[in-house]
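Presented below is the structure to which this report refers.
FYI, it's all coordinate maths here, none of it is from the lab. Everything numeric in this text was worked out from a predicted model, so none of it was measured. Heads up, the Cβs are rebuilt from the backbone with ideal geometry, glycines too, and the neighbour counts pull from every protein chain shown.
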Ligand code: PLP
């Protein structure tokens, strides 16, 4: 789809991209200044493998702040943190460290595409457990229990969720944790990279599961919360010393360390005035309300208001079996592939293609996340773009017969 969108753009078409997975805001000014300071201070040499000490300490404090019960000591110390090249590398390294050949890894779907491929890279076996629109895309304890076998090694869970926008409540996390307490060989990776982008107050965190801390890896970073995707700084937090040692050894052979200038900037971001985050989250919330209001009565769509992250994930099954107009570009695209029924919308992939060719809006088919009944539409863009994209989508859908 990205290639097709680029092709149309190159041909001069005004394609609106609603497929981005990153905030469109500029990085906060004080963070940009920190980069300049770091360059001037010659922060241009190798650093420690698990990360710059000041950033590890700041990340430990940041992660400890997600604990709901604020009494007592910080949950994490600097020694519990490994700083990597984005949350992506932190997750990949954690999987490599925990998963051996043939180990089963439970992935509630829809889920971020990379988990599945990372598990396969580690020669593990992804076990997809489907969550549904009707259940708010939340994994139930019953479904988790049913998926566990003697080979299960790991559960990877993302909250707030990409692509669904679902956010697990403290009670829902507790219920899953109770299942895991009965299975001491199963580790957890909690991907909480979107946890600052949450619309109903503070987001519940796995950090609160004290009894699981020795087999839990919690992932976060500056990419989404601080609009710093290109800096490539993320980290994991884990209380298990053996894990931290093994994962550090792995990282030492891969990258030596994450870029020092970027680590310095991330450190300043965490230590800085966090009101800039509130402004971004408020803007995302306004956009969320706008896109939901424009999407909720589109024919054939079922829409839930996302509770976190910046994606709308409508169920579009109501449009399957409909036909695009015979004179649409979508109908003509099949000239190269006579096997495909010319006008039929069979699934979310087809709908996505139709919205691109005839609505000039690029979205992502839910099948990319293991859920072929839905579409992912990013609202990390201006309110003006959201309004125009939804106008085009509605007009294109109203032309289906
Ligand atoms: N986890 C999820 C669910 C994501 O959506 C992404 C990025 O899109 C990442 C992790 C990776 O974040 P980073 O850019 O810090 O590598």
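For the stretch 163-320, a/c is not less than 1.5, where a ≥ b ≥ c are the root eigenvalues of the C-alpha gyration tensor, and a/b does not top b/c. That puts it in the oblate class. Structure remark: mean-square fluctuation, Gaussian network model of the chain, C-alpha springs under 10 Å; the largest value among 93, 161, 14 belongs to 14. What the Cα convex hull of the chain gives, in volume per residue, is 154 Å³.
When the chain is treated as a Gaussian network with alpha carbon springs shorter than 10 Å, the biggest mean-square fluctuation among 323, 332, 183 belongs to 332.
Distance between Cα centroids, the stretch 67-115 to the stretch 385-401: provide it in whole Å. Taking the Cα centre of each part, the stretch 67-115 and the stretch 385-401 sit 39 Å apart.
For the stretch 156-243, the Kirkwood hydrodynamic radius comes to 13.7 Å, computed from all pairs of different C-alpha atoms. When each of the peptides 391-401, 348-358 is scored by how many other beta carbons lie within 10 Å of its residues on average, the order from highest to lowest is 348-358, 391-401.
Placing a pseudo-label 7 Å from each Cα along the Cα-to-Cβ vector at residue 77 and residue 40 gives an inter-label distance of 3.6 nm.
What is the Cα centroid distance between the stretch 274-313 and the stretch 172-194, reported in whole angstrom? Cα centres, the stretch 274-313 to the stretch 172-194: 27 Å.
Listing 149, 164, 317 from fewest to most neighbouring C-beta atoms within 10 Å gives 149, 317, 164. Considering only 192, 73, 104, the Gaussian network model of the chain with Cα springs below 10 Å gives its largest mean-square fluctuation to 73.
Extension gain, residue 292 to residue 113: 0.36 nm times the residue separation minus the Cα-Cα distance gives 62.0 nm.
In terms of surrounding Cβ atoms within a 10 Å radius of their Cβ, 96, 371, 279 rank from fewest to most as 279, 96, 371. Considering the zone a paramagnetic label at residue 24 would reach in this model (a point 7 Å from Cα along the Cα-to-Cβ line), which residues of the stretch 367-401 have amide N under 12 Å from it? Under cut-off, by backbone N: 378-390.
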